[in-house]
1. Which residue, 200, 20, 93, has the most motion in a Gaussian network model of the chain that connects Cα atoms within less than 10 Å?
2. Run a plain Debye calculation on the range 44-108 (Cα atoms as equal point scatterers, no solvent) and give log10 I(q)/I(0) at q = 0.15, 0.17, 0.18, 0.29 Å⁻¹, rounded to two decimals, same order as the q list.
3. Looking at the range 128-201, which GluC sites (Glu not before Pro) are in a loop (DSSP not H, G, I, E or B) and have at most 13 other Cβ atoms within 10 Å?
4. For the chain, treating each Cα as an identical point scatterer without solvent, what Debye log10 I(q)/I(0) comes out at q = 0.11, 0.16, 0.17 1/Å?
5. Based on DSSP, what percent of beta bridges with both residues in the chain are antiparallel, to the nearest 5?
6. Can you give me the Kirkwood hydrodynamic radius for the range 1-128, using every pair of distinct Cα atoms, in Å to one decimal?
7. Calculate one ³J(HN,Hα) per residue across the range 173-178 by plugging θ = phi - 60° into the Karplus curve 6.51 cos²θ - 1.76 cosθ + 1.60, and present them in order as whole Hz with x for glycine and proline.
8. Using R₀ = 35 Å, calculate the FRET efficiency as 1/(1 + (r/R₀)^6) where r is the Cβ-Cβ separation of residue 57 and residue 146; round to 0.05.
Amino acid sequence: MAESSARTQIAMKILTVDVGGKNVKILLSGETVPRKFPSGRTLTPRAMVKGVKQLASGGKGLTAWKYDVVSLGYPGPVAHNQPSVEPVNLAPGWVAFDFEKGFGCPVRLVNDAAMQALGTYKGGKMLFLGLGTGLGSTLIVEGLLVPMELGHLPYKKATFEDYVGDRTLKRVGRRKWERYVTDVAALLIAALLPEDVVFGGGNSRLLTELPPGCRLGANANAFEGGFMLWSS
C-alpha cells in the first residue's frame, strides 16, 4: 500500500501556492525556479486563483505548467481544509471561497507557516517562527503538525506580531527589531521547550545573530512542504 502511495505521488504533478502579504509564489513539482506575482491588501481569493492560473499557463518565454492537484499555504488559521479567519493583510472573502472549484482540481490547504515548517522538519519537537508581514508559527512534535497563532499573544503594549512584523521593522530599523525578535523567541522557547527552533519567512535573512539552538530555514522549504502534503 505504501509503495502504491509513493508511486502515485511521483506520478502526480503538484502545484504549491504560497500566499504571502507581499507576493504569491508558485512552484510545480519537478521544477526548480518559482514564479511569483504581487499580493497585498486588495488581493481577493478569486484574483489569487486567476493570477496563479495565468502564471502557471506560461507565456513570455515560460513553459506551461500542467498540474493535477494544488497545495495552498494560507496566511492565517485553517480548519477542515478551509480558512477559518479572514487574512489580516489581504482583501476579505477567503473563508467562504471554494478553492477546489476555483482551481478545478483537488486542493489541500494549510497555514503558510505550517507548510514551510513541514518542509524544514528534521525530527523531534520543532518550533518554527516565520518572520514576514507578521509572525507565523507552527510546532511539530514527533511528526505531528500543530499550526499555531502565537503572534497574536499579548506582548508589551501590543502583541508579538506587532513587535516583530514588517511594519515595526520599517519603523524602528533592523537593529531594534532584531532585539524584539530575540526577546520574543526566548519567551516562546522557555514556554514550549522545543528541541529545534527554525526561523523562516522573508525577513529572517535580516537576522545577524541567531539565539543558541536556533537555525535558519530556506523559504524554498515552503514548496517542499506543499509537495509533502500529498505524500499520504
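1. Per the Cα network of the chain with a 10 Å cutoff, 93 tops the list.
2. At q = 0.15, 0.17, 0.18, 0.29 Å⁻¹ the computed log10 ratios are -0.50, -0.63, -0.69, -1.37.
3. Working: sites: 142, 149, 161, 178, 195; in loops: 142, 149, 195.
Here the sparse-neighbourhood loop sites are 142, 195.
4. Taking Cα atoms of the chain as identical point scatterers yields -0.55, -1.13, -1.26.
5. 60 percent
6. Values: mean 1/r = 0.0646 Å⁻¹.
When all Cα pairs of the range 1-128 are included, the Kirkwood radius is 15.5 Å.
7. Along the range 173-178, the couplings run x, 4, 4, 5, 4, 5 Hz.
8. Numbers: r = 36 Å, r/R0 = 1.03.
My answer for the efficiency is 0.45.
No value in this document is a laboratory result; all are computed from the given coordinates. If you're wondering where the values come from, they're calculated on a predicted model, not measured in any experiment. All Cβ positions, glycine included, derive from the backbone under ideal geometry; neighbour counts span all protein chains shown.
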